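Okay, so here's the structure we're looking at.
The values are calculated or read from the model by the stated rules, or taken from the named source; none is laboratory data. Keep in mind it's a predicted model, so treat the numbers as computed, not measured. Every residue, glycine as well, gets a Cβ built from its backbone with ideal geometry; the counts of neighbours run over all protein chains shown. Side chains included, ligands, DNA and RNA excluded: accessible areas come from the protein's heavy atoms. Shrake-Rupley method; radii C 1.70, N 1.55, O 1.52, S 1.80 Å.
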Amino acid sequence: MSLYAFVSIVGVGAVFALALLANARFIPIRIAGVAREADDSSAALVDRVYDPNFVFADPPALEAGIYLPKYDLTAPEEAERLASRFGIDAAATETDDRYFFVSETGRLAVDKYGGGVAFASEGGETPGEWDPTALAIETLQGYGISTECISAAERAAGGRRIVELFAGLEGRADMSAPRRLTFDAEGRLLELRCSFARYERIATARIMTTRAAYALLPTDSPDKDGRIDLKRCELVFIAADSVIQPAYLFTGATPGGANFSYFVKAAVYD
């Protein structure tokens with residue numbers, strides 16, 4: 001792949017990632033844009049679409065922080081140190097927003113202001129028998145990147161294995177900027193994306209109850225073959241409205257067996 005093609009792909013990918021940051025999950029996810037609590041009458045409509053098979057347990061503290069991402073300027077020397085972590089010994093090519101490094105080892109893009117790193121590998125030795133999540137952690141450790149996480153998820157896609165590691169925020173999974181690694185079918189690293197952004201707490205918000213969030217699930221596209229089987233509801237953090245904020249993540253399965261996932265923003269603004 002030429003440097004021009006790599007720069008174009010990373011640039012478009014970065015814009016696309018920012019646009020879909022809160023939606024970029026393993027299965028299609030939408031986010032309910034709410035800043036209120038639904039009234040009880042909404043639940044009747046929701047019950048016609050969903051079959052909740054989990055305990056409606058509210059978080060211990062019905063309030064959570066609202067955070068603003070803080071990005072430090074990445075100096076050229078720091079970008080070079082990052083490149084050396086990935087085994088790339090090459091001079092940087094700069095744009096207004098990024099440093100690019102290309103060598104036989106792979107291709108690295110480092111954000112100047114956004115705290116993001118994207119590495120595309122040229123492949124390497126296969127690990128033999130391998131566990132995707134364990135290999136992801138081992139790979140990050142090899143590059144000197146923090147592996148602290150509160151949860152992980154993995155999926156298969158087009159013969160590839162994708163692993164996401166979620167850091168903790170207030171004891172909840174921060175799904176706004178996961179460390180994402182993509183491996184081929186043999187366990188060779190194809191791509192790694194992560195962010196080094198810091199967060200500043202700018203507000204505290206009241207959190208709606210799980211039942212109130214349930215009542216805000218969409219009812220516009222009911223499945224005629226039956227109700228969606230909701231298996232889990234958990235409070236997490238997502239990126240939405242230019243901040244990092246709490247949201248309830250509902251997961252389950254459609255009558256046809258497809259995965260279902262939906263975020264409902266949990267902060268209530270009185």
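Among residues of the stretch 92-106 being of a type in the set (D, E, K, R) and within 14 Å of ALA120 (Cβ to Cβ), the one that is farthest from the chain's Cα centre (by Cα) is GLU104.
Using the structure shown, decide if ASP223 is surrounded by fewer than 18 Cβ atoms within 10 Å (Cβ to Cβ) and at pLDDT below 90.
yes
Taken together, ALA253, ALA240, ALA212 contain a single residue that is open to solvent by less than 50 Å² (accessible area, probe 1.4 Å), touching a residue at least 12 places away in the same chain (Cβ under 8 Å) and farther than 28 Å from ALA157 by Cα, which is ALA212. Looking only at the stretch 158-169, which residues are open to solvent by less than 30 Å² (accessible area, probe 1.4 Å) and out of contact with any Lys or Arg (no Cβ under 9 Å at 6 or more places or on another chain)? Correct list: LEU169 only. Within the stretch 71-87, being open to solvent by less than 30 Å² (accessible area, probe 1.4 Å) and assigned to a loop (DSSP other than H, G, I, E, B) holds for THR74, PHE86. Here ALA90 qualifies as assigned to a loop (DSSP other than H, G, I, E, B), more than 30 Å from VAL243 (Cβ to Cβ) and open to solvent by less than 40 Å² (accessible area, probe 1.4 Å).
Is it the case, given these coordinates, that ILE207 is open to solvent by less than 10 Å² (accessible area, probe 1.4 Å) and either within 18 Å of SER261 (Cβ to Cβ) or touching a residue at least 60 places away in the same chain (Cβ under 8 Å) (or both)? Please lay out each step first, then the result.
Values: open to solvent by less than 10 Å² (accessible area, probe 1.4 Å): yes; either within 18 Å of SER261 (Cβ to Cβ) or touching a residue at least 60 places away in the same chain (Cβ under 8 Å) (or both): yes.
Yes: the conditions hold for ILE207.
Residues in the stretch 149-163 that are outside any loop (DSSP other than H, G, I, E, B) and small (Gly, Ala, Ser): SER151, ALA152, ALA153, ALA156, ALA157. Could we say that ARG179 is over 30 Å from ASP72 (Cα atoms), in contact with a helix residue (DSSP H, G or I) (Cβ under 9 Å, 6 or more places away or on another chain) and charged (D, E, K, R) here? Judged against the criteria, ARG179 is not a match. Number of residues in the stretch 173-199 that are at pLDDT below 95, assigned to a strand (DSSP E or B) and of a type in the set (D, E, K, R) equals 1.
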